[in-house]
Every structure is written in structure tokens, then in C-alpha cells.
1. Of the residues ASN153, ASN110, which single one is open to solvent by 50 Å² or more (accessible area, probe 1.4 Å), over 28 Å from THR173 (Cα atoms) and in the same structural domain as LEU201 (by TED's automatic domain parsing)?
2. Quick check: anything in region 238-258 under 21 Å from the mean Cα position of the chain (by Cα) and either of a type in the set (S, T, N, Q) or over 25 Å from ASP28 (Cβ atoms) (or both)?
3. Specify the residue that is nearest to SER78 (Cα to Cα); the eligible residues are those in region 106-145 that are charged (D, E, K, R) and away from ligand 2 (no atom under 16 Å from the Cβ).
4. Within region 216-228, does at least one residue satisfy the condition of being more than 30 Å from TYR330 (Cα to Cα) and more than 16 Å from ligand 2 (Cβ to nearest atom)?
5. What is the number of the single condition among (1) surrounded by fewer than 19 Cβ atoms within 10 Å (Cβ to Cβ); (2) among the aromatic types (Phe, Trp, Tyr); (3) within 16 Å of ligand 1 (Cβ to nearest atom) that PHE58 does not meet?
6. With the requirement that a residue be more than 7 Å from ligand 1 (Cβ to nearest atom), buried (at least 23 other Cβ atoms within 10 Å of the Cβ) and over 21 Å from SER240 (Cα atoms), what does region 269-318 give you?
7. With ASP253, ASP276, ASP243 as the choices, which residue is more than 16 Å from ligand 2 (Cβ to nearest atom), on the phi < 0 side of the Ramachandran plot and in contact with a Lys or Arg (Cβ under 6 Å, 6 or more places away or on another chain)?
8. Is it the case that some residue within region 236-244 is of a type in the set (Ser, Thr, Tyr), within 12 Å of ligand 1 (Cβ to nearest atom) and either part of a loop (DSSP other than H, G, I, E, B) or under 13 Å from ALA308 (Cβ atoms) (or both)?
Amino acid sequence: MLNIESLRQALSVPRKIVIIPHQKPDADALGSCLALWNFFKNKGHVATVISPTQYPDFLQWMPGHEETLVYSEATHGSCQQVISEAEIIFCLDFNDLKRCEPLDVLISGNTTAIKAMVDHHQDKKDFANFEYVRVTAAATAELIYELIHLLGNDSDITPPIASCIYAGIMTDTGSFKYPATTPQIHRIVANLMEKGINHSLIHRNIYDNSTLDRLRLKGFALSERLKVIPELHTAYFVLSKADLSRFHHQIGDTEGLVNYGLSIRGVKLSVILKEDEGFVKMSLRSVGSLSVNDIARTHFNGGGHINAAGGRLPGMSIEEAERCFLEVIYSYKDTLADTNN
Ligand code: 5GP
Ligand code: MN
């Protein structure tokens with residue numbers, strides 16, 4: 001395992017660097033990548049962000065995103081080449097190579113590159129030679145802010161870098177309301193604001209940038225597809241492919257929807273089941289000590305954080321997935337019914 005000094009040493013000459021977020025990157029994953037990309041570019045390295053999948057259009061303002069290589073059949077060759085030539089590969093906002101499929105194969109085979117993980121999720125897998133990991137961090141972007149200070153200094157935080165970091169922190173803290181929001185987060189944000197970011201515009205770019213279809217899908221999901229099980233303090237949405245295509249669903253359109261379940265009085269678990277190609281994707285959120293990371297890891301092939309996790313049920317129809325989900329949560333009846341947690 002390399003320490004920060006060895007990483008600093010490795011970066012003392014211009015390097016070919018690849019930076020990878022998890023699949024369907026959110027503002028924290030992509031913002032962390034682009035903050036680091038801008039930093040390395042300014043330091044004279046040749047860096048490339050490679051996203052395993054497309055990312056939502058409400059992130060398409062982030063400085064440098066136009067130069068991101070998005071994996072697809074058409075870009076397979078270039079992704080393979082850039083990864084095979086890389087001397088350092090950064091994996092940001094994930095801790096299990098499965099989370100960057102199909103790039104995982106390219107990263108694990110045929111490369112002697114240093115693999116560096118920067119992440120704040122639970123239950124890390126050991127695949128990196130350098131780790132900058134803290135599960136109590138509010139966002140990976142917080143860790144990127146620290147890492148830039150460890151590899152450089154405060155003057156390296158340019159306005160584009162500050163904007164990317166701010167976006168990651170703002171979204172992963174639920175606009176500074178989740179319990180992981182510390183005084184230090186506010187100090188970091190104060191510093192980012194002093195760098196000249198337009199925090200209000202960043203917020204609007206991310207949260208007030210819906211298509212009409214996306215807004216209508218949200219309305220439809222809330223009025224027609226939300227079920228509540230009062231005795232389990234649980235709310236859940238079931239969205240079929242037909243529902244999604246009715247509203248011309250685009251990547252990112254259901255992001256944030258799951259949180260509405262938690263806004264209902266008494267609800268402490270909220271879940272979305274969303275039909276995808278060959279699997280049903282799940283998003284889970286909880287309040288208090290109920291760990292959706294444990295539930296997602298044990299039953300839904302996923303993981304994440306204690307109060308925010310994801311998973312998937314492969315090979316199931318949406319109806320089967322709903323039945324499976326209900327069976328699982330009824331097995332947590334005692335925990336869910338207990339009003340002390
Ligand atoms: P979301 O529900 O927004 O997709 O994800 C919530 C959190 O769980 C995020 O931090 C995300 O990185 C993580 N997550 C989402 N899906 C998966 C998954 O399939 N496996 C793991 N390990 N984490 C996931
Ligand atoms: Mn994150």
C-alpha cells in the first residue's frame with residue numbers, strides 16, 4: 001500500500017492519469033473526477049476522465065465535462081487504449097470494481113498502473129494500491145478537497161475546481177442537511193465561496209433543470225406509484241418500464257425521488273424499484289440507525305451508506321421484484337416497527 005508521500009513522489013513528473021467515477025455518476029462522483037482532472041491538468045499531467053456510463057444532463061455544466069470519455073461500444077477501443085497507457089488510475093466515489101462495470105475488466109487486467117481509491121462508502125474491497133478513504137466523510141468531494149491540499153496547496157483550488165467540489169458536497173449532504181454535515185464542511189464551503197464560485201447557479205443547474213417530462217414523472221410517481229406500509233414505517237415506489245417510457249425517461253430523471261418517501265410523517269425507510277434492462281434497480285433511503293447498506297448488501301446485491309444505498313435484482317420482472325422486496329422488509333418487521341430507532 002502506497003502512502004501519500006509515495007503518491008506525491010509519483011506525481012512529481014508528468015503522468016498519464018485516468019480518473020473513473022461509478023456507473024451513472026452523480027454530482028459527487030463526476031464533480032470529484034472533474035475537480036481532480038482540472039487539478040492534474042493545471043499541474044501538467046495528461047488526465048482523462050472515463051465514465052462507465054452516460055451521466056445526467058443536469059451535470060453537463062461541470063468544467064471539463066465535455067472532455068470526458070463516456071464508455072460505449074463505440075468508445076470501447078479508445079477507453080481500452082487510454083486505460084492501458086495510464087500510469088495512475090483514480091477510482092472515485094466507489095470501493096468495489098463492480099461499481100464501474102464494464103470498465104472493471106479493463107482496470108483489473110493488463111495494467112501496471114497505480115490504482116488509487118478515494119471514497120466514503122461502507123465495506124471497501126481491496127483492489128487499490130493507494131487509498132484515501134473515510135466513511136464519515138460527507139462526500140468524496142470533501143476528500144478530494146483534502147487530497148488537493150495534500151498534493152498541492154490552497155491556491156490550486158481554482159474556481160472551476162471549487163465549483164465541482166461544491167456540487168459534490170452540496171448534493172451528498174442533501175444541501176447541507178444530512179447528519180454528516182459538520183462544521184468543517186461549512187468551513188470548506190466558506191473557502192470554496194471565497195474562491196468565487198456561483199453557489200446559487202450551481203444549485204439551480206442541478207435542482208432547477210428538469211424537463212417537463214421529468215417533473216411530470218415525479219408527479220405521476222407520487223400520485224400513482226407510491227405505496228405506504230404504515231406498520232413498517234415504509235414507503236416505496238414501483239416504476240415499470242412502461243411508466244418510464246411514458247415520460248420519455250432519461251438517465252437521472254428519478255434521482256432524488258426516493259427522498260420524498262421519507263418526507264411522510266413516521267416513515268423511516270423509503271425505496272424505489274425501477275425496472276431496467278434485465279434487472280430491477282433499487283434505491284434505498286432510511287433515517288436513524290436503520291442501515292440500508294446492510295439490507296442492500298444482504299438481499300439486493302448492492303450497498304452504499306447507512307442511510308443511502310442502492311442495489312439490483314437481476315432477472316426479475318418488476319412484479320417479482322416487488323414481491324421479493326416485500327418478503328425482505330417483512331422479515332425486518334420487528335426492527336421497522338420499533339419506534340426507538
Ligand atoms: P442511489 O440510490 O442514489 O443510486 O445510490 C445511493 C448510494 O448507494 C450511493 O452512494 C451509491 O454510490 C450507492 N449505490 C448505489 N447502487 C449501488 C450498488 O449497486 N452497489 C453498491 N455497493 N452501492 C450502490
Ligand atoms: Mn458520494
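The values are calculated or read from the model by the stated rules, or taken from the named source; none is laboratory data. The structure presented is a predicted model; accordingly, all values stated were derived computationally and were not measured. Every residue, glycine among them, receives a Cβ derived from its backbone with ideal geometry; neighbour counts consider all protein chains shown. These area figures cover heavy atoms from the full protein model, side chains too; ligands, DNA and RNA do not enter into them. Shrake-Rupley method; radii C 1.70, N 1.55, O 1.52, S 1.80 Å.
1. ASN110
2. Within region 238-258, one or more residues are under 21 Å from the mean Cα position of the chain (by Cα) and either of a type in the set (S, T, N, Q) or over 25 Å from ASP28 (Cβ atoms) (or both).
3. Among residues in region 106-145 that are charged (D, E, K, R) and away from ligand 2 (no atom under 16 Å from the Cβ), the one nearest to SER78 (Cα to Cα) is LYS115.
4. Within region 216-228, one or more residues are more than 30 Å from TYR330 (Cα to Cα) and more than 16 Å from ligand 2 (Cβ to nearest atom).
5. (1)
6. SER286, VAL292, ASN293, ILE295
7. ASP253
8. no
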